[in-house]
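**Student:** This structure is in structure tokens; I'll ask about it shortly.
The values are calculated or read from the model by the stated rules, or taken from the named source; none is laboratory data. For clarity, every value in this text was computed on a predicted model and none was experimentally measured. Quick reminder, even Gly has a Cβ in these numbers, built from the backbone with ideal geometry, and neighbours come from all protein chains shown.
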Amino acid sequence: MTRLLAALLLAALGFLASWLWLPIRRIEVTGTQRLPSSYVVRAAGLYAGGSWLYLPPLAARRITRLPWVVAARVTRPSVGVVRIEIRERRPLVVLAGRLGVPGGRRLGLVLDREGHPLPTGNAPIIVRGTGPGLANALVLARRFPEARSITYGPWGYSLDLKKGRYWAKTADELAALVRTPGRAVHAYAWGVSVRR
């Protein structure tokens, strides 16, 4: 019994000593572009003066709950220093409102490459559409990051690039057509039209 009490007392003193002699002196945050570093540190549950030896085990998981964060890693590169490395999500597309939106204003939801909704942001590609097809539109957006807009519906997919506008019944057909250099190509159920 006395050995158990002595072990507990020793563990408690060790914890207290590590807190006093090994505090967190500096917290470094890398990989942020949109999120303030202080916001990431707060989400991790870390603070200067806290115990460097006993980092919260779920600190990285807490950070990945932030809507802009894809992945996070918390390390101790040297005594008293904690480094938080994050990878932020990047806006890929913005879902435009339904028909009747004046001038195709950017309304609606901003999505990243995986289709994860983001709170705000300017996305380079406008996606418009109705019905199923958003997943394929995201695939097209990943394949053609230079696209201006992608439209989808029961009739198929349309892709607006600097070099022209393309249309096809399926996303795969559309991707194959865009690879035809120097010509505007339209594929229909009854054939293919190539503009010279």
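**Student:** Determine which member of the set Val41, Val74, Val82, Val127 is within 30 Å of Asp160 (Cβ to Cβ) and buried (at least 18 other Cβ atoms within 10 Å of the Cβ).
**Tutor:** Val127 is the lone residue from the list that is within 30 Å of Asp160 (Cβ to Cβ) and buried (at least 18 other Cβ atoms within 10 Å of the Cβ).
**Student:** Looking at region 165-176, which of its residues are of a type outside the set (A, V, I, L, M, F, W, C) and in contact (Cβ under 8 Å) with a residue 24 or more places away in the chain?
**Tutor:** Residue satisfying the conditions is Thr170 alone.
**Student:** Determine whether Arg87 is on the phi < 0 side of the Ramachandran plot, surrounded by fewer than 16 Cβ atoms within 10 Å (Cβ to Cβ) and without any contact (Cβ under 8 Å) to a residue 40 or more places away in the chain.
**Tutor:** no
**Student:** Going through Ala48, Ala71 one at a time, which residue ends up being at pLDDT 90 or above and either assigned to a loop (DSSP other than H, G, I, E, B) or under 26 Å from Asn136 (Cα atoms) (or both)?
**Tutor:** Ala71
**Student:** Which one of Arg62, Arg87 is at pLDDT 85 or above and in a strand (DSSP E or B)?
**Tutor:** Testing whether each residue is at pLDDT 85 or above and in a strand (DSSP E or B) leaves just Arg87.
**Student:** Let me ask you something else. Could you give every pair whose Cβ atoms fall below 9 Å, whose first residue belongs to region 56-79 and is free of Cβ contacts under 8 Å to residues at least 24 places away in the same chain and farther than 29 Å from Ala123 by Cα, and whose second residue is in a strand (DSSP E or B) and among the aromatic types (Phe, Trp, Tyr), counting only separations of at least 6 or pairs across chains?
**Tutor:** none
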